[in-house]
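What follows is a set of notes on a single structure, which appears directly below.
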Amino acid sequence: QVQLVESGGGLVQPGGSLRLSCVVSGSIFSIAAMEWYRQAPGKQREMVANIIGGDSTNYADSVKGRFTISRDNAKRTVYLQMNSLNPEDTAVYYCRVVTGGYAYWGQGTQVTVSS
(Lines give C-alpha, C1' and ligand atoms only; values in the text may rest on other atoms or scores of the structure.)
Protein backbone atom coordinates (compact mmCIF):
# COMPACT_ATOMS: atom_id res chain seq x y z
CA GLN A 1 0.00 0.00 0.00
CA VAL A 2 1.31 3.41 -0.97
CA GLN A 3 1.09 6.20 1.58
CA LEU A 4 1.92 9.86 1.28
CA VAL A 5 2.54 12.13 4.25
CA GLU A 6 2.83 15.89 3.77
CA SER A 7 4.39 18.31 6.22
CA GLY A 8 5.66 21.86 6.36
CA GLY A 9 2.45 23.85 6.23
CA GLY A 10 1.60 26.63 8.62
CA LEU A 11 0.90 30.33 9.06
CA VAL A 12 3.19 32.78 7.28
CA GLN A 13 3.09 36.50 6.61
CA PRO A 14 2.74 37.87 3.09
CA GLY A 15 6.11 37.82 1.36
CA GLY A 16 7.30 34.90 3.45
CA SER A 17 8.40 31.41 2.51
CA LEU A 18 7.53 27.84 3.35
CA ARG A 19 8.83 24.47 2.19
CA LEU A 20 6.42 21.57 1.95
CA SER A 21 7.59 17.96 2.02
CA CYS A 22 5.83 14.79 0.96
CA VAL A 23 7.29 11.42 1.91
CA VAL A 24 6.20 8.39 -0.09
CA SER A 25 6.16 4.97 1.56
CA GLY A 26 5.10 1.51 0.49
CA SER A 27 5.79 -0.76 -2.44
CA ILE A 28 6.68 1.35 -5.44
CA PHE A 29 8.22 0.10 -8.62
CA SER A 30 8.65 3.43 -10.32
CA ILE A 31 7.05 6.84 -10.04
CA ALA A 32 5.68 8.39 -13.19
CA ALA A 33 4.81 11.74 -11.68
CA MET A 34 5.00 13.63 -8.40
CA GLU A 35 2.66 16.55 -8.03
CA TRP A 36 1.42 19.26 -5.71
CA TYR A 37 -2.19 20.42 -5.78
CA ARG A 38 -4.02 22.93 -3.67
CA GLN A 39 -7.60 23.67 -2.78
CA ALA A 40 -8.76 26.98 -1.39
CA PRO A 41 -12.11 27.35 0.38
CA GLY A 42 -14.95 27.37 -2.13
CA LYS A 43 -12.66 26.62 -5.05
CA GLN A 44 -11.78 23.57 -7.09
CA ARG A 45 -8.57 21.69 -6.47
CA GLU A 46 -5.88 22.86 -8.86
CA MET A 47 -2.48 21.58 -9.89
CA VAL A 48 0.32 23.78 -8.61
CA ALA A 49 3.44 22.02 -9.84
CA ASN A 50 4.61 18.62 -10.98
CA ILE A 51 7.62 16.59 -11.96
CA ILE A 52 7.02 14.18 -14.83
CA GLY A 53 9.44 11.33 -15.25
CA GLY A 54 12.89 12.25 -14.06
CA ASP A 55 13.09 15.99 -14.20
CA SER A 56 10.47 17.63 -16.41
CA THR A 57 8.71 20.25 -14.31
CA ASN A 58 5.52 22.21 -14.85
CA TYR A 59 3.95 25.05 -12.90
CA ALA A 60 0.64 26.83 -12.72
CA ASP A 61 0.92 30.35 -14.12
CA SER A 62 -0.03 31.78 -10.73
CA VAL A 63 3.08 30.35 -9.04
CA LYS A 64 5.72 30.52 -11.79
CA GLY A 65 8.85 32.23 -10.56
CA ARG A 66 7.81 31.85 -6.93
CA PHE A 67 7.44 28.10 -6.33
CA THR A 68 9.95 25.36 -7.04
CA ILE A 69 9.24 21.64 -7.05
CA SER A 70 12.04 19.14 -6.49
CA ARG A 71 12.47 15.52 -5.53
CA ASP A 72 14.94 13.40 -3.64
CA ASN A 73 14.66 9.84 -4.94
CA ALA A 74 16.81 8.37 -2.20
CA LYS A 75 14.47 9.81 0.43
CA ARG A 76 11.35 9.19 -1.64
CA THR A 77 10.41 12.78 -1.01
CA VAL A 78 9.03 15.59 -3.13
CA TYR A 79 9.37 19.18 -2.01
CA LEU A 80 7.61 22.41 -2.82
CA GLN A 81 9.60 25.53 -2.01
CA MET A 82 7.21 28.47 -1.86
CA ASN A 83 8.56 32.02 -1.87
CA SER A 84 6.92 35.43 -2.01
CA LEU A 85 3.72 34.00 -0.63
CA ASN A 86 0.57 36.07 -0.81
CA PRO A 87 -2.91 35.63 0.70
CA GLU A 88 -4.16 34.07 -2.56
CA ASP A 89 -1.84 31.13 -1.87
CA THR A 90 -3.86 30.20 1.21
CA ALA A 91 -5.15 26.66 0.71
CA VAL A 92 -4.80 23.05 1.71
CA TYR A 93 -1.88 21.65 -0.25
CA TYR A 94 -1.96 18.02 -1.35
CA CYS A 95 0.75 15.75 -2.65
CA ARG A 96 -0.16 13.33 -5.47
CA VAL A 97 1.95 10.52 -6.83
CA VAL A 98 1.28 8.47 -9.95
CA THR A 99 2.80 5.01 -9.91
CA GLY A 100 1.86 1.67 -11.37
CA GLY A 101 -1.05 3.23 -13.21
CA TYR A 102 -2.65 4.55 -10.03
CA ALA A 103 -2.75 7.95 -8.38
CA TYR A 104 -2.34 8.34 -4.64
CA TRP A 105 -3.08 11.38 -2.52
CA GLY A 106 -1.78 12.61 0.79
CA GLN A 107 -3.99 13.98 3.55
CA GLY A 108 -3.08 17.59 2.87
CA THR A 109 -1.33 20.33 4.82
CA GLN A 110 -2.79 23.76 5.50
CA VAL A 111 -0.96 26.85 4.30
CA THR A 112 -2.29 30.18 5.53
CA VAL A 113 -0.81 33.46 4.36
CA SER A 114 -1.95 36.34 6.52
CA SER A 115 -0.64 39.32 8.41
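The values are calculated or read from the model by the stated rules, or taken from the named source; none is laboratory data. Model, not experiment: these values are computed from the prediction. We place every Cβ from the backbone using ideal geometry, glycine too, and count neighbours over all the protein chains shown. Ligands, DNA and RNA are excluded from the accessible area calculation, which covers all protein heavy atoms including side chains. Shrake-Rupley method; radii C 1.70, N 1.55, O 1.52, S 1.80 Å.
With the cut-off at 1.5 for a/c, could you classify the chain from its C-alpha gyration tensor as rounded, prolate or oblate?
Prolate.
Would you work out what percent of the accessible area of region 1-96, with all protein chains in place, is carbon or sulfur (probe 1.4 Å)?
47 percent
State in Å² the accessible area per residue of the chain; use a 1.4 Å probe, count heavy atoms of protein chains only, and round to the nearest integer.
53 Å²
Any chance you could list the semi-axes, whole Å, largest first, of the equivalent ellipsoid that the Cα gyration tensor gives for region 30-73, using √(5λ)?
Gyration-tensor ellipsoid for region 30-73: 21, 12, 8 Å.
Considering only protein heavy atoms, what is the solvent-accessible area of Tyr102 at a probe of 1.4 Å, reported in Å² to the nearest 10?
140 Å²
Positive end of the dipole of the chain, charges at C-beta (+1 Lys, Arg; -1 Asp, Glu), about the Cα centre: which of Val92, Val78, Gly16 has its Cα farthest in that direction?
The residue sitting farthest along the positive end of the dipole is Val78.
Obtain the nm distance between the two label points defined at Arg19 and Thr68 by a simple spin-label model: each point lies 7 Å from its Cα along the Cα-to-C-beta direction.
Label at Arg19, label at Thr68, 1.0 nm between them.
Sorted by packing (mean other beta-carbon atoms within 10 Å per residue), highest first, where do 69-76, 3-10 land?
In decreasing order of mean packing, 69-76, 3-10 become 3-10, 69-76.
Toward the positive end of the charge dipole of region 13-115, about the Cα centre and with charges on Cβ (Lys, Arg +1; Asp, Glu -1), which of Ser114, Ile28, Pro41 goes farthest?
Projecting each Cα onto the dipole axis, the largest value belongs to Ile28.
Under a Cβ-only charge scheme (Lys and Arg +1, Asp and Glu -1), can you give me the dipole magnitude of the chain about the Cα centre, in debye to the nearest 20?
The dipole magnitude comes to about 120 debye.
Please find, in a Gaussian network model of the chain (springs between Cα atoms separated by less than 10 Å), the residue of Gln13, Gln44, Gln81 whose mean-square fluctuation is greatest.
Evaluated over the chain, the most mobile residue of the options is Gln44.
With a Förster radius of 30 Å, plug the Cβ-Cβ distance of Val2 and Ala40 into 1/(1 + (r/R0)^6) and report the FRET value to the nearest 0.05.
E between Val2 and Ala40, to the nearest 0.05, is 0.70.
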